[in-house]
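Q: This is the structure I have questions about; it appears just below.
The values are calculated or read from the model by the stated rules, or taken from the named source; none is laboratory data. What you are looking at is a predicted structure, and each value in this text was computed from that prediction instead of being measured. Cβ atoms come from the backbone with ideal geometry, glycine included; neighbour counts cover every protein chain shown.
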Amino acid sequence: MMTFNKLVLGSFVLLSTCGCVFADTDDSAKYAESKLTKVFISKNDTQCNADGLSLEETASYLKNANIAIRASECGVITGGPNFAAVCGAGTSNILIHTIDSKDVVEAKKLGFADVMSLSERKRGYSVNACRLVENKY
């Protein structure tokens with residue numbers, strides 16, 4: 001009986017220290033597909049005007065191409081040439097959508113770019129509040 005108890009106890013200790021994980025290989029494929037990428041598109045707005053694209057409009061471009069959107073936000077490109085501060089001039093405002101990495105190629109066909117491409121041009125971006133610019137005249 002003592003030998004049996006030692007055998008059971010030894011097996012328990014051996015299994016508890018193993019740290020073995022039994023995983024289905026399909027899980028790794030699911031994980032790879034769930035990686036996310038932020039893509040952006042120019043807002044195409046002008047200073048002093050309530051014009052340009054909206055988050056909803058650019059989101060519809062992606063949705064119509066069967067690209068799921070995980071999050072959306074507004075931003076501005078930083079570190080590049082500045083626009084003249086004059087009404088009617090362009091801006092560096094962008095619209096950012098987070099999508100599955102597997103959909104980036106399709107998003108690029110729609111005019112979006114990966115935010116990582118900004119660093120290749122020694123530029124960056126910052127997130128800001130999405131707001132409507134109202135004419136004050």
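Q: Quick check, is VAL105 exposed (fewer than 12 other Cβ atoms within 10 Å of the Cβ), within 18 Å of ASP51 (Cα to Cα) and β-branched (Val, Ile, Thr)?
A: no
Q: Do the conditions hold for GLY80, that is, is it within 20 Å of ALA129 (Cα to Cα) and either surrounded by 12 or more Cβ atoms within 10 Å (Cβ to Cβ) or among the β-branched types (Val, Ile, Thr) (or both)?
A: No; evaluated as a whole, the condition is false for this residue.
Q: Follow-up. Filtering region 106-137 down to residues that are in a helix (DSSP H, G or I) and farther than 14 Å from ILE41 by Cα, which residue is modelled with the highest pLDDT?
A: SER119
Q: Could you run through region 75-90 and say how many residues are over 22 Å from the mean Cα position of the chain (by Cα) and of a type in the set (Val, Ile, Thr)?
A: Count: 1.
Q: I would also like to ask the following. Within region 108-129, restricting attention to residues that are within 10 Å of LYS38 (Cα to Cα) and of a type in the set (A, V, I, L, M), which residue is surrounded by the most Cβ atoms within 10 Å (Cβ to Cβ)?
A: It comes out as VAL115.
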